[in-house]
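*Asks:* I have a structure here, written as structure tokens, and I will follow up with some questions on it.
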Amino acid sequence: MPVISQVQQVQIALGERSYPIRIGGGLLDDPASYREAPAGSDALIVSNETVAPLYAARLSQALAARHRQVHRLDLPDGEEHKTWQTLNRIFDALLGHGADRKTVLYALGGGVVGDMTGFAAACYMRGVPFIQVPTTLLAQVDSSVGGKTAINHPLGKNMIGAFHQPLAVVCDLDVLDTLPARELSAGLAEVIKYGPIADPDFLDWIEVHIEALRARDPAALAHAVRRSCEIKAAVVGQDEREAGLRAILNFGHTFGHAIEAGLGYGAWLHGEAVAAGMVMAAELSHALGLVDAGFAPRLAALLERAGLPTRGAVLDAQDNPGRYLALMRHDKKAEQGEIRFVVIDRPGHAAVRAAPDALVRDVIERCCTR
Ligand code: NAD
Ligand code: GLY
């Protein structure tokens, strides 16, 4: 396992929209972490009522020399606030402060703050720069990287959004110290995801180091964040706007998004829904004859050791598979009402496939707790 003595950097290669992901300890307070921001511009730090008291003053301090003025906005905390109403508060703050096209937005928080701030940056004056300062494991390994930004709609998760790449992503591993254990586990779901879809050796490594990761061992976390970001960077570098390949990053998300929307946003954490969804997608992969019978149980055992649910929620007592299918038809991968699933077709390789409803119904019946 690598020892973390210095800042590690992963580059997202997207031509003129390329940017670095910095990973290491002590980055939050270091003004050099934010050197891509235009000097002399104004800044707005967008955070939430949980994260801001912990870290916003320190970020403000680090930005003081670079920016003319540093403003702050604290949003309500929670997936249920990832809405138009909350997004509007960012626009209100920008307009209220007279923000111009050079104003830099800083997203200080987890994926909810990151997705909303990025979307606001994509829209305000048709696009202003922003920097991701992710403070959850999930945001460091996934949501802050790759430029997907969005809010939820009652009929579907992340349905309203835009692609807008940040200037940089600053992953300070020290901020994970204050993350609740349940949130750490939710982040581990997205870390684990990268193994089946892209790197069987990484899956083996996670199986060996899962306890160290849950104990927040700095070297283990540094490796997990770096490897996850490398895999995501490689995928996004080939398919920024999800014409094809990028969809593999949604392994487990088709079932998972149905759980989140069906139970109401916030009932399960996103990573928890993805964990149960990955087991369902692995079972579907087996039902389609793509992987052997041992694959889904192996994945479920690891997810359980990570402190995650491995069985789906019941969304409808009368016709649970029917409810899942109805919700999954809103999935962004669906084409003309046909649901398309990310399946594993060989170790470390994923594909996007349609599946017969009867097969999917059977998987849902078997994988949900009654
Ligand atoms: P989150 O943003 O709700 O954060 C989880 C909780 O942890 C919140 O209560 C937050 O206030 C708190 N928190 C954050 N950092 C903390 C810290 N350092 N110490 C203590 N508490 C802290 O959830 P999340 O899991 O980070 O992100 C989930 C969201 O990300 C979902 O909305 C999902 O759709 C989105 N997402 C987006 C992408 C993408 O590519 N854009 C990818 C994956 C997930
Ligand atoms: N989290 C899925 C993606 O970024 O494409």
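*Asks:* What's the number of the only condition in (1) over 19 Å from the mean Cα position of the chain (by Cα); (2) of a type in the set (D, E, K, R); (3) within 16 Å of ligand 2 (Cβ to nearest atom) that R323 fails to meet?
*Replies:* The failed condition is (3).
*Asks:* Go through the range 246-261 and give me each residue that's more than 9 Å from ligand 2 (Cβ to nearest atom) and in contact with a Lys or Arg (Cβ under 6 Å, 6 or more places away or on another chain). Spell out the reasoning first.
*Replies:* The first filter runs over the range 246-261 and keeps only residues more than 9 Å from ligand 2 (Cβ to nearest atom), leaving 251-252, 254-261.
Scanning the range 246-261 gives F251, H257, E260, A261.
*Asks:* Is it the case that A243 is surrounded by fewer than 18 Cβ atoms within 10 Å (Cβ to Cβ), more than 15 Å from ligand 1 (Cβ to nearest atom) and not in a helix (DSSP H, G or I)?
*Replies:* Values: surrounded by fewer than 18 Cβ atoms within 10 Å (Cβ to Cβ): yes; more than 15 Å from ligand 1 (Cβ to nearest atom): yes; not in a helix (DSSP H, G or I): yes.
Yes: the conditions hold for A243.
*Asks:* Is there a residue in the range 99-108 that is closer than 27 Å to A189 by Cβ and within 16 Å of ligand 2 (Cβ to nearest atom)?
*Replies:* Looking for residues that are closer than 27 Å to A189 by Cβ and within 16 Å of ligand 2 (Cβ to nearest atom), one finds at least one in the range 99-108, hence yes.
*Asks:* Separate question: For the range 188-202, give me each residue that is among the hydrophobic types (A, V, I, L, M, F, W, C) and either under 19 Å from P309 (Cβ atoms) or without any contact (Cβ under 8 Å) to a residue 24 or more places away in the chain (or both).
*Replies:* Initially, the range 188-202 is screened for residues among the hydrophobic types (A, V, I, L, M, F, W, C), giving 188-189, 191-192, 197-198, 202.
Matches in the range 188-202: L188, A189, V191, I192.
*Asks:* If a residue must be among the small types (G, A, S) and surrounded by fewer than 22 Cβ atoms within 10 Å (Cβ to Cβ), how many such residues does the range 176-204 contain? Before you say what the answer is, go through the steps one by one.
*Replies:* As a first pass, look at the range 176-204 and keep what is among the small types (G, A, S): 181, 185-187, 189, 195, 198.
Filter again for surrounded by fewer than 22 Cβ atoms within 10 Å (Cβ to Cβ), leaving 181.
Number of matching residues: 1.
*Asks:* Still on this model: If D174 meets every condition in (1) away from ligand 1 (no atom under 11 Å from the Cβ); (2) more than 18 Å from S143 (Cβ to Cβ) apart from one, which number is that one?
*Replies:* Unmet condition: (1).
*Asks:* Same structure again: Could you identify the single residue in E190, E211 that is of a type in the set (D, E, K, R) and either more than 24 Å from G348 (Cα to Cα) or more than 16 Å from ligand 2 (Cβ to nearest atom) (or both)?
*Replies:* E211 is the lone residue from the list that is of a type in the set (D, E, K, R) and either more than 24 Å from G348 (Cα to Cα) or more than 16 Å from ligand 2 (Cβ to nearest atom) (or both).
*Asks:* Would you say A258 is among the small types (G, A, S), over 29 Å from R216 (Cβ atoms), under 18 Å from the mean Cα position of the chain (by Cα) and surrounded by 17 or more Cβ atoms within 10 Å (Cβ to Cβ)?
*Replies:* Values: among the small types (G, A, S): yes; over 29 Å from R216 (Cβ atoms): yes; under 18 Å from the mean Cα position of the chain (by Cα): yes; surrounded by 17 or more Cβ atoms within 10 Å (Cβ to Cβ): yes.
Yes; evaluated as a whole, the condition is true for this residue.
*Asks:* What pairs can you find where one residue is in the range 221-245 and farther than 12 Å from I21 by Cβ and within 12 Å of ligand 2 (Cβ to nearest atom), the other is part of a loop (DSSP other than H, G, I, E, B) and of a type in the set (A, V, I, L, M, F, W, C), and their Cβ atoms are less than 8 Å apart, with a gap of 6+ or different chains?
*Replies:* Note: pairs meeting the criteria are E240/L14.
*Asks:* Let me ask another. Take the conditions of a type in the set (A, V, I, L, M), in a loop (DSSP other than H, G, I, E, B) and more than 16 Å from ligand 2 (Cβ to nearest atom) and apply them to V279. Does it pass?
*Replies:* Working: of a type in the set (A, V, I, L, M): yes; in a loop (DSSP other than H, G, I, E, B): no; more than 16 Å from ligand 2 (Cβ to nearest atom): yes.
The answer is no for V279.
*Asks:* Determine, yes or no, whether D92 is in a loop (DSSP other than H, G, I, E, B) and free of Cβ contacts under 8 Å to residues at least 60 places away in the same chain. Give the derivation first.
*Replies:* Numbers: in a loop (DSSP other than H, G, I, E, B): no; free of Cβ contacts under 8 Å to residues at least 60 places away in the same chain: yes.
It is false that D92 is in a loop (DSSP other than H, G, I, E, B) and free of Cβ contacts under 8 Å to residues at least 60 places away in the same chain.
*Asks:* Identify all residues within the range 255-277 that are more than 13 Å from ligand 1 (Cβ to nearest atom) and closer than 17 Å to A354 by Cα; write none if there are none.
*Replies:* Of everything in the range 255-277, those that are more than 13 Å from ligand 1 (Cβ to nearest atom) and closer than 17 Å to A354 by Cα turn out to be F255, A258.
Just so you know, all these numbers are worked out from the coordinates, no wet-lab data involved. As the structure is a computational prediction, the values presented were derived from the model and not from experiment. Note: ideal-geometry Cβ built from the backbone for every residue, glycine included; neighbour counts use all protein chains shown.
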